[in-house]
Amino acid sequence: MSLSDRPSLSAPLAHAARLGRGLVAAGIGLVVPPLCLSCRRPLVDPRTLCGPCVRDLEIITPPICDIMGTPLAFDAGPGARSPELRWNHPLYDKARAATVFGPMSQRLVHQLKYQDVPGMASLMARLMAPAIADLTAGADVLLPVPLHRRRLLARRYNQAVLIADALSPLVGLPVARHAVRRVRYTSHQVGLAREQRADNLHAAFRIVDRAAVDGKAVVLVDDVLTSGATADSLAVTLKAAGARAVRVAVFARVVGEGNREPA
């Protein structure tokens, strides 16, 4: 019998490895049950939130502004727009968010960004996918908002990349991780007025892979949308490089004057 005629061991070994990993996971699950990603209460299903924590999230539902994605007080029909657009019209085309930025969404964002809970990105992506369906329809690529290398070294990962990677299989779009670079190290935006945020971000981004965005409908991905200054700056940069549309998909967005801004 030649070597080529001998039965391959790779398939049985792979099956055995998968079975072994499943048994280990099952054993761990018996000893340490799945926990709520927020409050650590025991759960039946892993990688999710318990009922009380879900109820504390302010999920954005229609009616919403067709441009900004913010909740509206009443349903004015298809294409309804927020009065805020009269004095605060964005430079991107549309934005959508899964939740209003509040105490619970802030807690989840901080766990992802600062407390090494990367599994939070998967949860955020699952909540975002239905909320951004009209953005991803007809879009070409997901583009995570880049961090400057100094901030990336300090944080060790970009939370926007983790969210985009988790979103990609849910919405059927590729992720362009390296199409844009943040070339200016900007101070934190917390506490700055809209005009100050715009000045802070002037010429902050540079296209490094024009083919990834030229002629494309790009969906920017991030954790939180506040004033929109970062999204506006990126939209100007992307459209100058030939992007035909720039849309913004986030987990949470600040709504109204009374909400705390994200740290």
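Listed values, structure above:
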| quantity | calculated |
| --- | --- |
| Added length on full extension, which subtracts the Cα-Cα distance from 0.36 nm per residue, Ala137 to His110 | 6.8 nm |
| FRET efficiency estimate (nearest 0.05) - Cβ-Cβ, Leu91 to Asp214, R0 22 angstrom | 0.75 |
| Computed P(r) (all Cα pairs; the range 135-178; 5 Å bins; percent) | 5, 24, 28, 20, 11, 8, 3, 0 |
| Förster radius 22 Å - calculated FRET efficiency between Leu153 and His178 (Cβ-Cβ, nearest 0.05) | 0.85 |
| Neighbourhood net charge (13 Å Cβ-Cβ; Lys/Arg +1, Asp/Glu -1) for Ala121 | -1 |
| Virtual spin-label span in nm between Asp45 and Asp66, 7 Å along Cα→Cβ | 3.4 |
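Values in this text are rule-based calculations from the coordinates and carry no lab data. Computed from a predicted structure; not experimentally measured. So basically every Cβ, Gly included, is an ideal-geometry build from the backbone, and we count neighbours across all protein chains shown.
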